[in-house]
Amino acid sequence: MTIQEVDSALIETVCARVRERLGDDEAPHAEEFVRQYYRRVPSEDLAELEPLDIYGAALAHWSFARRREPGAANVRVYNPDFEQHGWQSAHTVVELVTDDMPFLVDSTTMALSGEGEGIHLLIHPVISVRRDDRGELAAVEDGAHAESFIHVEIDRISAPSDLERLRERLIDVLRQVSAAVHDWPAMRSRAADLIAELREPPPSLDRDEC
């Protein structure tokens, strides 16, 4: 059996569990979420994970994304426990759900590296989802709003205060990324206006200097 066939069989096993455990209304969307969640994860990374943890990690992220305020980011930093979260890991896990935009992965990994945390696994699917007016996730649907789902496993952090501090740091980083992404069109427009003004300077200014 090829690596691709092993990966496909593993994901099919996970999706079968989704269909067994979730209701008829939720299961189709959760299953599609799982397929997209792991679509670009390298085979060697999947091979190191237990099927139950592959299922649990995706469903934990799915549940965490069920409600998100428009324009806000969901950020969680935690140590998965099977009894509480349905899966487990030797690492601390960072989960993010936010509007898709440039620089998210680089900014997140730089923030984690800056805190001295080693990164063991990174999953970053961009998934189109439809939400209702309250921010409740209604469907995984092509052509809907693109959201970034980032899952990072890092060196284990034990102290709750350190987990919360890292969460607050990541929230601040995402605010800065959002500000930069939303500000640059206005900044570029203003720069273009200034260039146009300098190309036709008033008589009181030296043309060569402009």
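Worth pointing out:
- Test: Arg207 is open to solvent by 100 Å² or more (accessible area, probe 1.4 Å), under 30 Å from Glu31 (Cα atoms), not in a helix (DSSP H, G or I) and not polar (S, T, N, Q): no
- Condition check for His182: part of a helix (DSSP H, G or I) and not hydroxyl-bearing (Ser, Thr, Tyr): yes
- Residue in the stretch 153-176 that is β-branched (Val, Ile, Thr) and closer than 23 Å to Glu32 by Cβ present: no
- Summed over the stretch 138-151, the residues that are under 18 Å from His124 (Cα atoms) and either open to solvent by less than 20 Å² (accessible area, probe 1.4 Å) or part of a strand (DSSP E or B) (or both) give a count of 8.
Yes or no, residue by residue, for (1) small (Gly, Ala, Ser); (2) modelled with pLDDT of 95 or more:
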site	(1), (2)
Val34	no, yes
Pro42	no, no
Leu52	no, no
Ala60	yes, yes
Ala65	yes, yes
Glu83	no, no
His91	no, yes
Thr98	no, yes
Asp106	no, yes
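- Picking from residues in the stretch 169-202 that are within 16 Å of the chain's Cα centre (by Cα) and open to solvent by 50 Å² or more (accessible area, probe 1.4 Å), the one that is farthest from Asp100 (Cα to Cα) is Arg169.
- Ile154 touching a Gly at 6+ places or on another chain (Cβ under 8 Å) and open to solvent by less than 10 Å² (accessible area, probe 1.4 Å): yes
- Filter pass, Ser161 being surrounded by fewer than 18 Cβ atoms within 10 Å (Cβ to Cβ) and assigned to a helix (DSSP H, G or I): yes
- Entirely in the stretch 33-137, the helices (runs of 4 or more DSSP H) that have 2 or more residues that are open to solvent by 30 Å² or more (accessible area, probe 1.4 Å) and under 19 Å from Ser148 (Cβ atoms): 51-64, 104-114
The values are calculated or read from the model by the stated rules, or taken from the named source; none is laboratory data. Computed from a predicted model, the values in this text were never measured in an experiment. Ideal geometry is used to build each Cβ from the backbone, glycine not excepted, and the neighbour counts take in all protein chains shown. For accessibility, only protein heavy atoms count, side chains too; no ligands or nucleic acids. Shrake-Rupley method; radii C 1.70, N 1.55, O 1.52, S 1.80 Å.
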